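Working notes, beginning with the structure itself.
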Amino acid sequence: MTGFDDRPVVGVLHPGAMGAAVGSAVKPRAGAVIWAAEGRSQSTSKRAELADLVAVPDVAALARRCDLIVSICPPHAALEVAEQVAAALEGQAKRPFYLEANAVAPDTVHRIATLLGPDRVVDGAVIGPPAWEPGTTVLWLSGVAAKTVGALFAGSPFEARVLGADLGAASVLKACFALQSKALPAVWLLLAEAAEKAGVTEALYGELAHHGVDLTAQLAQISARASTRAWRWAGEMDEAAETMASLGLPDGFSRAAAEVYRRWSAEGFNSD
């Protein structure tokens, strides 16, 4: 396999629900899939165990062993994780590939490439849930090493698709997708709160129902999807806003959605 040993060592930072699924997906083609145990929670350890991932002491130990490092973490932490990896690799001749698979802005990807090398960093966008069976989730990749990294996912539950050699392309795609998957639901939350504050909830629900919109169902769906992830969605919307701004487009939709999810995370939301 071009760019890798026959059985490359893959490291996952960090195996949450998505990271554990990604780690499991590459196991058939990897010599080992490892993760950094230092400072991680018991639930993370359990997920890694169930995915049959091998623990190493810390990020430094992982970085020095890997042929590929996959970063899947909250968007606001992506740059810090890359900085930890860069520090661990300082002075090392071996330079692993680095799949930046977080929902971040293209500028963030380029900053990470400056740290780790533009020929070693691959921009990734996961669209879909943690994949344990084929047909649900696509992993979009861009960068000069996109095909090399994508080959590791051949036959896995993650369908790897290459956008091209331009770093940042996958992140733009993810930001655009997130505008409809997360910014649009934030509109339902906002208008429901506004109607409640103004005392026009019953009238609003009635008008929306007349036009084919079941607001109760919309809010219940959002609550089920994001009740424990609103804080993470806020970070993703911040990065989406940076993406839009970098393209010279209005970024207010994403920034407003980030604020809605940030408030929801702090105060809670009742969809009843």
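Some observations on this one:
- When 187, 260 are checked against the criterion of being open to solvent by less than 90 Å² (accessible area, probe 1.4 Å), assigned to a helix (DSSP H, G or I) and under 26 Å from residue 17 (Cα atoms), 260 stands alone in meeting it.
- Just one of the listed residues (163, 167, 184) is out of contact with any Lys or Arg (no Cβ under 6 Å at 6 or more places or on another chain), at pLDDT below 95 and more than 18 Å from residue 73 (Cβ to Cβ), and it is 184.
- Residue pairs whose Cβ atoms lie under 7 Å apart, separated by 6 or more positions or on different chains, with the first residue in the stretch 33-49 and acidic (Asp, Glu) and the second open to solvent by 50 Å² or more (accessible area, probe 1.4 Å), are 38/57.
- Matching entry among 36, 78, 88, 51 (being open to solvent by less than 10 Å² (accessible area, probe 1.4 Å) and closer than 24 Å to residue 105 by Cβ): 78
- Unmet requirement for residue 166, which otherwise passes all of (1) in a loop (DSSP other than H, G, I, E, B); (2) out of contact with any strand residue (DSSP E or B) (no Cβ under 7 Å at 6 or more places or on another chain); (3) among the charged types (D, E, K, R): (2)
- Apart from one condition, residue 95 fits all of (1) modelled with pLDDT of 95 or more; (2) within 21 Å of residue 5 (Cβ to Cβ); (3) out of contact with any strand residue (DSSP E or B) (no Cβ under 8 Å at 6 or more places or on another chain); the exception is (1).
- In the stretch 9-32, the residues that are within 23 Å of the chain's Cα centre (by Cα), surrounded by fewer than 23 Cβ atoms within 10 Å (Cβ to Cβ) and in a loop (DSSP other than H, G, I, E, B): 16, 30
- Flag for residue 226 being in contact with a Phe, Trp or Tyr (Cβ under 8 Å, 6 or more places away or on another chain) and free of Cβ contacts under 8 Å to residues at least 40 places away in the same chain: no
The values are calculated or read from the model by the stated rules, or taken from the named source; none is laboratory data. Just so we're clear, the structure is a prediction, and the values are computed from it rather than from any experiment. Here the Cβ is made from the backbone with ideal geometry for all residues, glycine too, and neighbour counts use every protein chain on show. Quick note on the areas: whole protein, heavy atoms, side chains included, nothing else; ligands and nucleic acids left out. Shrake-Rupley method; radii C 1.70, N 1.55, O 1.52, S 1.80 Å.
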